[in-house]
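What follows is calculated from the coordinates using simple rules that are stated; it is not laboratory data. Quick caveat, the model's predicted, so the values are computed rather than measured. Quick reminder, even Gly has a Cβ in these numbers, built from the backbone with ideal geometry, and neighbours come from all protein chains shown.
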Amino acid sequence: MRADYPLPRLWLLSDERNDKVLEHALRKLPRGSGFIFRHYHLSPRERLARYRALRRLAKARAHLVILSGSAAAARKWHADGWYGPPGSPGVGGPRLLALATVHDLREIARANCAGAHAALLSPVFPTRSHAGAAALGPLRFRLMALRAAMPVIALGGINARSARRLGWPRWAAIDGLSTASARPLS
């Protein structure tokens, strides 16, 4: 991991459904949080424009900005790192953080082998993003997280209340940090 970027404990992920409130959500996050820009629903031109606008705001709040995609795209878009499946092309080098999205032990092993700096393990709790998918639950989440060689960020059905229930130091959310009633932990 970049020595000058300690890994934040709170992460906001962008999504089509939270797009209209992202500016507000980024301002509410504690300084130095993390922001993962996904926005798969936009055309390439629209995605880049939206990324640039949100990156300016995030950087003004000292947030890390991670691009969902390849390391090459993250470098080109001046992101702090990239987010994707473990073993995706390009580790990123010393200047980029590599965040792996993992859902099972096989993907955790691949993230370990790929040298990811952190892994987002999901879904911990039931979530709209994976409607109907079996949630890991706190115990299974913890057992799986112990197999990771890097810090693990809890994702899926996480909000301030469920994060306290989980008792995990790092967590990420889409809805849990984007709704009017969402409150990050201070």
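Structure summary
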| read-out | value |
| --- | --- |
| Proximal charge balance of residue 169 [Cβ under 13 Å; K/R count +1, D/E count -1] | +4 |
| Virtual spin-label span in nm between residue 131 and residue 57, 7 Å along Cα→Cβ | 2.6 nm |
| Order of 43, 129 - criterion: other Cβ atoms within 10 Å of each residue's Cβ, fewest first | 43, 129 |
| Positive minus negative residues near residue 119 (Lys, Arg vs Asp, Glu; Cβ under 14 Å) | +3 |
| Environment charge of residue 84, counting only residues whose C-beta is closer than 13 Å and scoring Lys/Arg +1, Asp/Glu -1 | +1 |
| Karplus (6.51, -1.76, 1.60) ³J(HN,Hα), θ = phi - 60°, over region 29-35, in Hz, Gly and Pro reported as x | 4, x, 3, x, 7, x, 10 |
| Hydrodynamic radius of the chain per Kirkwood, over alpha carbon pairs, in Å | 16.3 Å |
| Global form of region 92-147, assessed from the alpha-carbon gyration tensor, a/c cut-off 1.5 | prolate |
| Long-range amide H partners of residue 36 with built H, under 5 Å | 12, 13, 14, 66 |
| Sparsely packed chymotrypsin sites (Phe, Trp or Tyr not before Pro) within region 21-86, loop by DSSP, other Cβ within 10 Å at most 10 | 40 |
